[in-house]
Structure formats: C-alpha cells, structure tokens
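The values are calculated or read from the model by the stated rules, or taken from the named source; none is laboratory data. Because the structure is a prediction, the values reported are computed rather than measured. With ideal geometry, Cβ positions are generated from the backbone for all residues, glycine too; neighbour counts draw on all protein chains shown. When the accessible area is computed, the model is the full protein with side chains, heavy atoms only, and any ligands, DNA or RNA have been set aside. Shrake-Rupley method; radii C 1.70, N 1.55, O 1.52, S 1.80 Å.
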Amino acid sequence: MALNPQYEDIGKGFVQQYYAIFDDPANRANVVNFYSATDSFMTFEGHQIQGAPKILEKVQSLSFQKISRVITTVDSQPTFDGGVLINVLGRVQTDEDQPHAYIQTFVLKPVGISFFVQHDIFRLALHDV
C-alpha cells in the first residue's frame, strides 16, 4: 500500500471529529467506535489498555463532565501502510480545574475505505520534579 496523499486533511478531520464526540458528555461513550475490539492500544497517562471494551471502561471511568479544549497544532505524517500518524498539542481544562497543556498522538490504521485508531497516547504536559 502506498502513502496516503491526503494525510493532512485526514489528520485534521479526524481530530475535529474525535474531540467533538469525546468532549460531549452525552456522546463520550461513542468514542469507542473509533477503536478496534482487539487491535487498538491506548496509553492514558502512562496506563496501557488494549481493545475497545477496555478503552471504553477507561473513558467511562473519567470523573469529569465538562471539557474546554484549545488545539494549538495538529501535525500529521503518512505511514507506509496508507495510515496516518497524528500528533496533537493543545490545552485542556476539565470541569473547574486549572487548564493544562497536553499531547495526544494517534495512529490511524486503514481498513477498507476507512480507518480505526490503532494507537492512542495521551499525556498531560505536567513537569513534576
């Protein structure tokens, strides 16, 4: 499979769609539809999870309701299998907590004419020394 020439548009479109669903408390559980039942990995603040059912458990365990997000930049690269590597840098505020910078990286894997999230790494940019 060749490099996907639309990787930039795919990356930006995915990020917009993903966060629209994730940031809506009534819709948040539907984010699981981006993941494969067995072939997806998420690392959330250092905790690794495999498969959509476990990812859904993690998403549903998050205690916040309200999310305010500012995306600073979305960088994308094509992968050699036709997928897309996406890196998001932004700032997120949950409920009434202080806003924090964050980094989230996705690998979209092609399947048919669509994609699923094969890898997802989320980390707040906190500097605890």
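General remarks:
- Close pairs from region 99-127: first over 17 Å from residue 37 (Cα atoms), partner part of a loop (DSSP other than H, G, I, E, B) and of a type in the set (A, V, I, L, M), Cβ under 8 Å, at least 6 apart: 100/125; 100/126; 101/125; 102/125; 103/125
- Residues that are closer than 27 Å to residue 81 by Cα and either free of Cβ contacts under 8 Å to residues at least 40 places away in the same chain or assigned to a helix (DSSP H, G or I) (or both) within region 23-46 comprise 30, 31, 32, 33, 34, 37, 38, listed in sequence order.
- Test: residue in region 112-121 that is in a loop (DSSP other than H, G, I, E, B), open to solvent by 50 Å² or more (accessible area, probe 1.4 Å) and over 19 Å from residue 50 (Cα atoms): yes
- Of all residues making up region 76-111, the number that are touching a His at 6+ places or on another chain (Cβ under 8 Å) and open to solvent by 80 Å² or more (accessible area, probe 1.4 Å): 1
- Selection within region 1-43 - touching a strand residue (DSSP E or B) at 6+ places or on another chain (Cβ under 7 Å), surrounded by fewer than 18 Cβ atoms within 10 Å (Cβ to Cβ) and closer than 25 Å to residue 124 by Cβ: 12, 23, 43
- If the condition is being assigned to a strand (DSSP E or B) and either within 18 Å of residue 118 (Cβ to Cβ) or open to solvent by less than 40 Å² (accessible area, probe 1.4 Å) (or both), then region 48-75 contributes 48, 49, 50, 67, 74, 75.
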